[in-house]
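To keep things clear, I will list the structure first and then write my remarks on it.
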Amino acid sequence: MTKFNTLLVRGGKPDDNHTGAVNVPIYNSSTYRYPKLGSDVRWDYERSGNPTRDNVENVCAELENGDRGFAFSSGMAAIHAALSLFKPGDHLVIGDNIYGGTFRLVNDFLKPRGIKFTAVDTQDLQAVEAAFTPATKAVYFETVTNPLLKVSSVKQISRLAHQHNAMVIVDNTFLTPYLQKPLNLGADLVLHSATKYLGGHSDIMAGIIVTKNKALSDRVYKLQNSIGAVLAPQEANLLRRGIQTLNLRMDRHISNAKKIIKYLERNDKVGRVYYPTVDKNSTDYAIIKDEARGAGGVLSFELKDGLDAAKFVNSLQLIILAVSLGAAESLVEVPAFMSHFEIPKQGGWKWELRTS
Ligand SMILES: Cc1ncc(COP(=O)(O)O)c(C=O)c1O
């Protein structure tokens, strides 16, 4: 672990422009001079590459033990780039409880362009297996889902997918490489909304992709450069700074979450509490113990029947009513009215794929 913690602070082999600066400067230049026509230059235009962004991309690749990192202007931009690896006629198996924005991208943007999807509970390996078709090119899922904190196995899904010659794409926003490294467990591409734990301070939007091998890196690089939703150098610097304290923040998130869970479990107005390690007999617990070092800082709970969720959240003094997660301040939300308001109210927070 020392190596990981050292990489958080010192990773990315900073290119300091020979000044000795311990941090990579913010290179505020959208374009770069060619010494002469035909020169083989390392940097030419910011969309194709920027030393500040390059540094944080390298840090992320090292933290995930991957081939190459790519930084985007938001988590959704990273997801869009990853899903742009596919073409009309390709089929993907996706988790049925993925982030709502991702679901919107699938339903409203990718499906009308001819990419096919089957949504399944990715904790149910038989359902995953049954969803493969000869056209299946990938399985896409979140390791820990929101708001029920259900855990899916990267190891087992990767084994299944590779038997079907499909790749595995994991959104690991909820765990981060500090708690889990999906590429080591068999995934081919890991991505994050770095707006959350990696940035860590609710002051930037960012997305990260890390790839397993060079062939995939080359394809993602082309997409990043073609689509163009790259992370700006100022934001790349803030992301680098956030990442330096990821380990300390995650440890505190987890210990705070456990204290809050204890408090809620003792409170007779609170019903079920959701967190992967609460039920030691659950599949969630078994997978977290086997594949991760901890379950992160997000928990959810139900108030007992008849209690008013609006009154509860409106009465909180310190905890802020807002969507998002993973920063220094504590947030609370009511998913049915906020992050998940588009989901049909019955059926366990599952999205419904449109049929056309
Ligand atoms: C799990 C997950 N993935 C992706 C996203 C999208 O990221 P962003 O808001 O940075 O575009 C979010 C945002 O909440 C998320 O929670």
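Summary of values
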item	result
Members of segment 101-121 found to be in contact with a helix residue (DSSP H, G or I) (Cβ under 6 Å, 6 or more places away or on another chain), more than 15 Å from Phe86 (Cβ to Cβ) and buried (at least 18 other Cβ atoms within 10 Å of the Cβ), listed by number	Val120, Asp121
Count of residues meeting criterion [more than 13 Å from the chain's Cα centre (by Cα) and open to solvent by 10 Å² or more (accessible area, probe 1.4 Å)] in segment 205-230	16
Residues satisfying the stated conditions in segment 74-117, i.e. near the ligand (Cβ under 10 Å from one of its atoms) and over 13 Å from Ile227 (Cβ atoms)	Gly75, Ile98, Tyr99, Gly100, Gly101, Thr102
Check on Val210, aliphatic (A, V, I, L, M) and either within 14 Å of the ligand (Cβ to nearest atom) or part of a helix (DSSP H, G or I) (or both)	no
Residue count for segment 133-160, restricted to those that are farther than 18 Å from Leu189 by Cβ, surrounded by fewer than 20 Cβ atoms within 10 Å (Cβ to Cβ) and at pLDDT 95 or above	3
Residues that are touching a residue at least 40 places away in the same chain (Cβ under 8 Å) and part of a loop (DSSP other than H, G, I, E, B), drawn from segment 41-56	Glu46, Arg47, Ser48, Asn50
Sole residue being under 28 Å from Asn247 (Cβ atoms), over 31 Å from the mean Cα position of the chain (by Cα) and in a loop (DSSP other than H, G, I, E, B), chosen from Gly20, Gly12, Gly38	Gly20
In segment 174-198, residue nearest to Gly101 (Cα to Cα) [restricted to those that are open to solvent by 10 Å² or more (accessible area, probe 1.4 Å) and within 10 Å of the ligand (Cβ to nearest atom)]	Ser193
Flag for Ala71 being within 16 Å of the ligand (Cβ to nearest atom) and surrounded by 16 or more Cβ atoms within 10 Å (Cβ to Cβ)	yes
Lone qualifier among Gly271, Gly306 - being among the small types (Gly, Ala, Ser), free of Cβ contacts under 8 Å to residues at least 40 places away in the same chain, surrounded by fewer than 15 Cβ atoms within 10 Å (Cβ to Cβ) and more than 25 Å from Val151 (Cβ to Cβ)	Gly306
Some residue of segment 293-300 being in a loop (DSSP other than H, G, I, E, B), open to solvent by 30 Å² or more (accessible area, probe 1.4 Å) and small (Gly, Ala, Ser)	no
Within segment 231-241, tally of residues that are open to solvent by less than 70 Å² (accessible area, probe 1.4 Å) and either away from the ligand (no atom under 14 Å from the Cβ) or not in a helix (DSSP H, G or I) (or both)	6
Check on Ser324, under 18 Å from the mean Cα position of the chain (by Cα), within 30 Å of Ile204 (Cβ to Cβ), of a type in the set (Ser, Thr, Tyr) and open to solvent by less than 70 Å² (accessible area, probe 1.4 Å)	yes
Qualifying residue in segment 74-91 (condition: within 17 Å of the chain's Cα centre (by Cα), open to solvent by 40 Å² or more (accessible area, probe 1.4 Å) and in contact (Cβ under 8 Å) with a residue 12 or more places away in the chain)	yes
Neighbours by Cβ (under 7 Å, 6+ apart or cross-chain): first from segment 162-187, within 12 Å of Ser152 (Cα to Cα) and of a type in the set (S, T, N, Q); second away from the ligand (no atom under 16 Å from the Cβ) and assigned to a strand (DSSP E or B)	none
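The values are calculated or read from the model by the stated rules, or taken from the named source; none is laboratory data. Fair warning: this is a prediction, and the values are worked out from it, not measured in the lab. Quick reminder, even Gly has a Cβ in these numbers, built from the backbone with ideal geometry, and neighbours come from all protein chains shown. Ligands, DNA and RNA are stripped out before the accessible areas are found, and what is left, the full protein with its side chains, is counted by its heavy atoms. Shrake-Rupley method; radii C 1.70, N 1.55, O 1.52, S 1.80 Å.
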